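Enquirer: This is the structure I have questions about; it appears just below.
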Amino acid sequence: MQVNEQQSTRRRFMQTTGSAALALGLSGCAVTGHRNVAAAKRRQYGANDRLNIGIIGLGTITTNEHMPFLMDIRQEQNCDIRSICDLNPERLDAFADKITSRGGQALKIRDYREMLADKDIDYVVVATPEHSHAYIILDALNAGKHVYSEKPLTHTIAESFAVVKKARETGLKVQVGVQGMSDDRYAAACEAIKAGKIGTVVAAQIDYTRNYYSRKPPHNRPWRVGVDEKTPMPEGLDWNAWLKPAPIRPWSAPHYYEWRCYSNYSGGIATDLFIHRLTRILKACALEFPVRVAGMGGIYTWPDGRDLPDSMEMLLEYPKIEGITGGMTVHVLGTQANNYKYDHLIRGTEGTLAFTGNGWQIIAESESQEPKIIACHEKTGGEHIGLHHRNLQAAIRTNAPLACPPELGLYGVAAVCMGNESWFTKKIISWDARREKMVPA
């Protein structure tokens, strides 16, 4: 399929899912429910109550990050992986074997709804491709389960509004997997900015870069793993269920194994990478929805059938926030063909907050060429999925604040979706606050 055909399919898909969301009452403040399933009564937890966890989606991040950490803390945190779910039987069996090798035992489930029907499951990890996050999260909340969702929260802005609404209705916890929010430097930066340490904020800059040229084939192209259209479908895979709610199409190994290259399932650089960095600035500057966004870039280096850019930049404008900014811009730089880093800064009228490996420092504005550091912060925590799970478990047990609640996830999704829409349409995209949707500027 050619890129322009893919983009046309994407446009139809986004329009269809938007219409479906409205039909189900899933957008903005009008959200009232999902599939008419009544929300289950929220369970109260004691400090000694065991947390049973279900994992939906058994890809790389689950295998390398979620499962090892959760197995390591079973005794300390009084939690366990009770069940695992994937549409691919091969992955399901292999993952179960890994859990068994570490002394655990988990039920193997093909249909996530069976997991949600288990009254003993307390929270689920949603680690499926982006396009399927929303309906699984909403079903989980309606079944009375807390949720750890991999980033981005959802594939579309309307879906994120739906999740926020449902989380508030049910009182259940939704932790968004931007694990950098378990690093305290961003909350500390927000306090410093609110205290006027850098004056009035005017701009911020961040990046997320990689260089796939340094990697060995077949991994020397972004998100490619060496499959092609001749690669057979795994035996027993429910392909149509995997595609949902994207358009039905014939089996395609690149679409299944390399889904981050295709906009029907992912937002590419913006949703997989930028979301991490941008959320840091949203947290530090207490930002919500941008006024307008420009997304630029292209498929400059790897024109291999993907329909998402391999190099991209976003420029976002945010409105006045009393006590923080009179209005500000955020520049996000990203390429997968060069890994020279770009300083992460928040610029104010009286100083600059510069993020460092260990925390941050504030450099005073001065006519002198010698920088004067007037404040600094040494971080606690870090960008670690394990810390993010600990935080969610504390929130479930004691109502501790979430490190990355769904509202923050919504603001991130709004920003990156507007950036992608700008790139696809070659137009600046504005935020219509009254209708809670993005529109051409």
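Table: residues versus (1) small (Gly, Ala, Ser); (2) part of a helix (DSSP H, G or I); (3) not assigned by TED's automatic domain parsing to the domain that holds Gly54.
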residue	(1), (2), (3)
Ser83	yes, no, no
Ala94	yes, yes, no
Gln105	no, no, no
His133	no, yes, no
Ser149	yes, no, no
Pro152	no, no, no
Glu159	no, yes, no
Lys165	no, yes, no
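Enquirer: Next question. Could you run through segment 87-143 and say how many residues are more than 24 Å from Gln75 (Cβ to Cβ) and not hydrophobic (A, V, I, L, M, F, W, C)? I'd like the intermediate steps shown before the answer.
Expert: Looking only at segment 87-143, we keep the residues that are more than 24 Å from Gln75 (Cβ to Cβ), and these are 87-94, 109-114, 116-117, 126, 128-143.
From what's left, not hydrophobic (A, V, I, L, M, F, W, C): 88-91, 93, 110-114, 128-133, 135, 139, 142.
Here the count works out to 19.
Enquirer: Here's something else I'd like to know. What about Ser266, is it within 30 Å of Asp111 (Cβ to Cβ) and crowded, with 22+ Cβ neighbours inside 10 Å? Before the answer, list the steps.
Expert: Working: within 30 Å of Asp111 (Cβ to Cβ): yes; crowded, with 22+ Cβ neighbours inside 10 Å: yes.
Yes; evaluated as a whole, the condition is true for this residue.
Enquirer: Collect the residues in segment 42-75 that are part of a helix (DSSP H, G or I) and among the β-branched types (Val, Ile, Thr), keeping them in residue-number order.
Expert: Thr60, Ile61, Thr62, Thr63
Enquirer: All but one of (1) within 18 Å of the chain's Cα centre (by Cα); (2) farther than 30 Å from Met328 by Cβ; (3) basic (Lys, Arg) hold for Arg221; which doesn't?
Expert: Failed condition: (1).
Enquirer: Residues in segment 391-410 that are crowded, with 20+ Cβ neighbours inside 10 Å and not hydrophobic (A, V, I, L, M, F, W, C): how many?
Expert: Residues flagged as crowded, with 20+ Cβ neighbours inside 10 Å and not hydrophobic (A, V, I, L, M, F, W, C) within segment 391-410 amount to 4.
Enquirer: For segment 247-277, which residues satisfy the criterion of being more than 19 Å from the chain's Cα centre (by Cα) and assigned to a loop (DSSP other than H, G, I, E, B)?
Expert: Answer for segment 247-277, where residues must be more than 19 Å from the chain's Cα centre (by Cα) and assigned to a loop (DSSP other than H, G, I, E, B): Pro247, Ile248, Arg249, Pro250, Trp251, Ser252.
Enquirer: Criterion first (surrounded by fewer than 20 Cβ atoms within 10 Å (Cβ to Cβ) and either touching a Gly at 6+ places or on another chain (Cβ under 8 Å) or modelled with pLDDT under 95 (or both)) does Gly171 satisfy it?
Expert: no
Enquirer: Among the residues of segment 170-216, which ones are in a strand (DSSP E or B) and among the polar types (S, T, N, Q)?
Expert: Hits for segment 170-216 are Gln175, Gln205, Thr209, Asn211.
Enquirer: Which number in (1) more than 24 Å from the chain's Cα centre (by Cα); (2) without any contact (Cβ under 8 Å) to a residue 60 or more places away in the chain marks the one condition that Phe95 misses?
Expert: Tallying (1) more than 24 Å from the chain's Cα centre (by Cα); (2) without any contact (Cβ under 8 Å) to a residue 60 or more places away in the chain, Phe95 fails exactly one: (1).
Enquirer: Here's a follow-up. Looking at (1) modelled with pLDDT of 95 or more; (2) closer than 24 Å to Phe69 by Cβ, can you tell me which one His377 breaks?
Expert: (2)
Enquirer: So if I check each of Val293, Val332, which one is in contact with a Leu (Cβ under 8 Å, 6 or more places away or on another chain), buried (at least 22 other Cβ atoms within 10 Å of the Cβ), under 16 Å from Thr209 (Cα atoms) and hydrophobic (A, V, I, L, M, F, W, C)?
Expert: Val332
Enquirer: Hey, another quick one. Given the condition in a strand (DSSP E or B), without any contact (Cβ under 8 Å) to a residue 60 or more places away in the chain and farther than 21 Å from Thr352 by Cβ, answer yes or no: does some residue in segment 296-309 qualify? Full working, then the answer.
Expert: Just the residues of segment 296-309 that are in a strand (DSSP E or B), to begin with: 296-298.
Next, from what is left, pick out any that are without any contact (Cβ under 8 Å) to a residue 60 or more places away in the chain: 298.
If we keep only those that are farther than 21 Å from Thr352 by Cβ as well, we get 298.
Checked segment 296-309: at least one residue is in a strand (DSSP E or B), without any contact (Cβ under 8 Å) to a residue 60 or more places away in the chain and farther than 21 Å from Thr352 by Cβ.
Enquirer: Out of Ile109, Ile81, report the one residue that is crowded, with 17+ Cβ neighbours inside 10 Å, of a type in the set (Val, Ile, Thr), modelled with pLDDT of 95 or more and farther than 22 Å from Pro234 by Cβ.
Expert: Details: Ile109 fails: farther than 22 Å from Pro234 by Cβ.
None of the other options fit; the residue is Ile81.
Enquirer: Inside segment 341-390, can you point out the residues that are without any contact (Cβ under 8 Å) to a residue 60 or more places away in the chain, polar (S, T, N, Q) and surrounded by fewer than 17 Cβ atoms within 10 Å (Cβ to Cβ)?
Expert: Answer for segment 341-390, where residues must be without any contact (Cβ under 8 Å) to a residue 60 or more places away in the chain, polar (S, T, N, Q) and surrounded by fewer than 17 Cβ atoms within 10 Å (Cβ to Cβ): Thr356, Asn358, Ser366, Ser368, Gln369.
The values are calculated or read from the model by the stated rules, or taken from the named source; none is laboratory data. It should be emphasised that the depicted structure is a prediction, and the values quoted were computed from it without experimental measurement. Note: ideal-geometry Cβ built from the backbone for every residue, glycine included; neighbour counts use all protein chains shown.
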